[in-house]
Amino acid sequence: MEISTSTVLIVSDIHIREKNEEKVLHLLAALEKVNPSVTEALVFLGDIFDFCFGDSAHFQQKFHAIGAALARLTRGGVRVVFLEGNHEFFLSYLSWEGVTWVSAREYILTTRAGARIALTHGDLLLAPWHYRLYMGTVRSWLSRHVASWLPQAKFDRFCLDLAAHSRKQGMYKKVPHRRLLEKATQWIESTGCNVGIMGHYHIPYDYQHGNTRLFCLPAWDTPNFLGFDGTQWGRIFL
């Protein structure tokens, strides 16, 4: 599978921290390989940024190069869909040309050939009530208003440090795999789709249950995409 021959491309959990880091260079190089005459949809499945508050000139400038690269694709006819992850907030205020922003739990992508693909970042599949309450609070109008008054560079650094500390706690090493796969399969079935794709857990699942197939994307320790060429799915490593 290659980027240039994929009709659907999906990427998740890059966790970009700085605008000029190596991951950004890999991403921009990959976007240059997307052929708008072949690729009809490019999906960002969340946590592309390790932290981003879209309603801020600081972040709008910081990630401008990515937005410009996506604008080139949307002008060429590629449908670009961006689901917010749990590290990203109010991304629609980035105002990237032609991008479809999704803050809801899930999104159903329908290809021109009629394939229906269920998409979710994945953090809410096993989320306890207090996590849901927390996410609802930090995504509220009040939180957005308060955040907009903070010194943005310091706010950025604080949240990046917080994210780094969270990873050091080994949060991805204690995943209840059986329960997660059951929940994910139930979610896919509830959408009426046969294929569901998620990120968040940094685990490269390819799990089949009856007629239902689940993919989970790994993080960008090794830069990667999931591709679909109209017939089959495959991993693309950059």
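Every number in this text was worked out from the coordinates using simple rules, so none of it is lab data. Not measured: the values here are computed from a predicted model. In this analysis, Cβ positions are derived from the backbone assuming ideal geometry, glycine residues included, and neighbour counts consider all displayed protein chains.
Go through the residues of the range 72-82 one by one and say whether even a single one is in contact with a Phe, Trp or Tyr (Cβ under 8 Å, 6 or more places away or on another chain), within 15 Å of residue 15 (Cα to Cα) and either buried (at least 21 other Cβ atoms within 10 Å of the Cβ) or of a type in the set (Gly, Ala, Ser) (or both). Taking every residue of the range 72-82 in turn, at least one turns out to be in contact with a Phe, Trp or Tyr (Cβ under 8 Å, 6 or more places away or on another chain), within 15 Å of residue 15 (Cα to Cα) and either buried (at least 21 other Cβ atoms within 10 Å of the Cβ) or of a type in the set (Gly, Ala, Ser) (or both). Once the range 194-208 is narrowed to residues that are of a type outside the set (Ser, Thr, Tyr) and more than 19 Å from the chain's Cα centre (by Cα), the residue that is surrounded by the most Cβ atoms within 10 Å (Cβ to Cβ) is 194.
Across the range 209-224, what is the total count of residues that are surrounded by fewer than 18 Cβ atoms within 10 Å (Cβ to Cβ), in a loop (DSSP other than H, G, I, E, B) and on the phi < 0 side of the Ramachandran plot?
Selection size over the range 209-224: 3.
Confirm whether residue 185 is in contact with a strand residue (DSSP E or B) (Cβ under 6 Å, 6 or more places away or on another chain) and surrounded by 15 or more Cβ atoms within 10 Å (Cβ to Cβ). Yes; evaluated as a whole, the condition is true for this residue. Of the set (1) out of contact with any Leu (no Cβ under 9 Å at 6 or more places or on another chain); (2) surrounded by fewer than 22 Cβ atoms within 10 Å (Cβ to Cβ); (3) farther than 27 Å from residue 234 by Cβ; (4) not basic (Lys, Arg), all apply to residue 89 but (2). Filtering the range 49-106 to residues that are in a helix (DSSP H, G or I), in contact (Cβ under 8 Å) with a residue 24 or more places away in the chain and polar (S, T, N, Q) leaves 60, 74, 92. Are any of the residues in the range 90-98 of a type in the set (Ser, Thr, Tyr) and within 15 Å of the chain's Cα centre (by Cα)? Yes, the range 90-98 contains a residue that is of a type in the set (Ser, Thr, Tyr) and within 15 Å of the chain's Cα centre (by Cα). Does residue 14 satisfy the condition of being surrounded by 15 or more Cβ atoms within 10 Å (Cβ to Cβ), within 17 Å of the chain's Cα centre (by Cα) and part of a helix (DSSP H, G or I)? So residue 14 does not fit the description; no. Selection over the range 17-49 of residues that are surrounded by fewer than 15 Cβ atoms within 10 Å (Cβ to Cβ) and closer than 23 Å to residue 156 by Cβ gives a count of 7.
Can you tell me which residue in the range 17-47 is nearest to the chain's Cα centre (by Cα), limited to those that are among the β-branched types (Val, Ile, Thr) and closer than 16 Å to residue 235 by Cα? Before the answer, list the steps.
Keep residues of the range 17-47 that are among the β-branched types (Val, Ile, Thr), which gives 24, 34, 38-39, 43.
Restricting the remaining residues to those that are closer than 16 Å to residue 235 by Cα gives 34, 39, 43.
Values: 34: 18, 39: 18, 43: 7 Å.
Restricting to residues being among the β-branched types (Val, Ile, Thr) and closer than 16 Å to residue 235 by Cα, the top hit is 43.
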